[in-house]
1. Just to be sure I understand, how many residues within segment 200-223 are over 19 Å from C276 (Cα atoms), among the aliphatic types (A, V, I, L, M) and surrounded by 15 or more Cβ atoms within 10 Å (Cβ to Cβ)?
2. If you scan segment 220-247, which residues turn out to be away from ligand 2 (no atom under 16 Å from the Cβ) and either over 17 Å from Q259 (Cα atoms) or in a helix (DSSP H, G or I) (or both)?
3. Mind listing whichever residues of segment 105-149 are charged (D, E, K, R) and within 15 Å of I317 (Cβ to Cβ)?
4. Can you tell me which residue in segment 96-126 is nearest to I26 (Cα to Cα), limited to those that are crowded, with 18+ Cβ neighbours inside 10 Å and under 14 Å from the mean Cα position of the chain (by Cα)?
5. Can you run down the residue pairs with Cβ atoms below 6 Å, 6 or more apart or on separate chains, where the first is in segment 259-270 and within 14 Å of L45 (Cβ to Cβ) and the partner is part of a loop (DSSP other than H, G, I, E, B) and hydrophobic (A, V, I, L, M, F, W, C)?
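Nothing in this text is a laboratory measurement; each read-out follows from the coordinates by a stated rule. Keep in mind that what you see is a predicted model, and the values were worked out from it rather than measured. All Cβ positions, even for glycine, are placed from backbone atoms using ideal geometry, and neighbour counts span all protein chains on display.
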Amino acid sequence: MLTDLQDLNLAKQPLERNTEQLGERIRLLLKEKNAILLTHIYQRLEIQRVSDYVADSLALSRLASKTDAEVIVFCGVHFMAETAKLLSPQKTVLLPDLASGCPMADMITAKDLVNFKKDNPDAPVVCYINSSAAVKAESDICCTSTNAVDIVRSIPGDRVIFVPDKGLGSWVQREVLDKQIIIYDGFCPTHYQITTNEVHRLRKAHPEAVIIAHPECDPSVWELADFVGSTSQIYKFAEECPQEEVIVLSEHGLIRRMQADMPQKKFLMTFPNPLCPNMKYHRLESVINALENMVHEINIPEYGVANGLFERAQRTIQKMFEITEAKYSRNYWLGARQEGFSVMSIA
Ligand code: 13P
Ligand code: SF4
């Protein structure tokens with residue numbers, strides 16, 4: 001059987017694939033190795049279907065910190081697996097395809113941040129979770145797109161450095177008027193593909209539709225939306241809004257999943273479809289390979305432990321949980337090993 005997105009990575013897969021059998025093999029291996037499969041909602045549906053949990057980056061890091069499994073197989077991008085390792089240092093964390101990075105996270109190094117701080121002394125640093133462990137270690141507190149506004153509001157003083165995403169940083173600035181947000185120049189190449197022209201075209205063609213956007217879009221794009229929110233907030237809004245037509249200014253995989261879960265609605269996206277190629281590297285075969293051979297392990301010491309990097313990065317994430325855990329304690333989906341894509345829990 002062929003799967004969705006079969007056009008990607010053709011060279012990496014045989015043309016005929018039995019996804020049912022591959023999925024069964026994964027479930028068996030997970031049991032054998034006392035492993036859990038955590039998957040970001042931008043991943044291919046074939047992986048979502050065999051996962052233990054599907055979630056956004058906030059819920060995935062919480063799940064990684066709470067699991068009893070000895071091995072975490074992480075189908076997301078590199079910084080997500082690294083965050084899981086920081087939160088569960090005693091566990092083995094596997095990233096099935098090591099090519100799966102995040103170009104936005106790669107736009108800032110620890111050295112870049114140290115220099116940026118020199119230009120803006122005394123301002124505390126909030127880093128988006130889309131950043132390396134080394135950048136987290138140079139930051140005061142971490143955030144995700146779900147809790148960024150709450151995190152920045154919780155910080156005393158009237159100036160805050162926000163790295164690396166200028167889309168999300170600008171959204172926070174719009175919501176938090178009593179602080180000056182000093183924003184780094186990073187961005188998400190996938191969300192920045194979405195243009196205002198395309199949004200106007202869709203609005204004109206579908207005047208009854210509601211428009212919802214991820215804050216990683218260019219501010220000129222999210223300004224045109226009726227609602228701006230993180231992945232789980234977009235999902236929840238789409239589920240609860242009365243409109244049948246929903247224009248989503250975010251990543252293709254999320255929109256595919258929402259369309260599968262809510263067939264009574266019509267989801268529309270901009271052209272070209274904003275697809276994050278980095279999120280599509282993992283395949284059923286690479287999950288099997290990682291588990292069978294226990295390869296593609298994520299380790300933080302690659303960056304050096306001498307300066308306490310591990311502990312400092314860990315603390316940056318833990319501080320985020322201390323501030324927002326009560327408010328955002330549940331937003332994940334069960335992987336749909338059972339029938340359909342049932343939503344389990346959204347905060
Ligand atoms: P979420 O925090 O909404 O899961 O987003 C992560 C991400 O990389 C979006 O591009
Ligand atoms: Fe990174 Fe953007 Fe892909 Fe998210 S969608 S992983 S921010 S490149």
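1. 4
2. Applying the first criterion (away from ligand 2 (no atom under 16 Å from the Cβ)) to segment 220-247 yields 220, 223-227, 236-247.
Answer for segment 220-247, where residues must be away from ligand 2 (no atom under 16 Å from the Cβ) and either over 17 Å from Q259 (Cα atoms) or in a helix (DSSP H, G or I) (or both): S220, E223, L224, A225, D226, F227, K236, F237, A238, E239, E240.
3. Those that are charged (D, E, K, R) and within 15 Å of I317 (Cβ to Cβ): K136, E138, D140.
4. Residue satisfying both the conditions and the ranking: S100.
5. Within 6 Å, the pairs are A260/F341; D261/F341.
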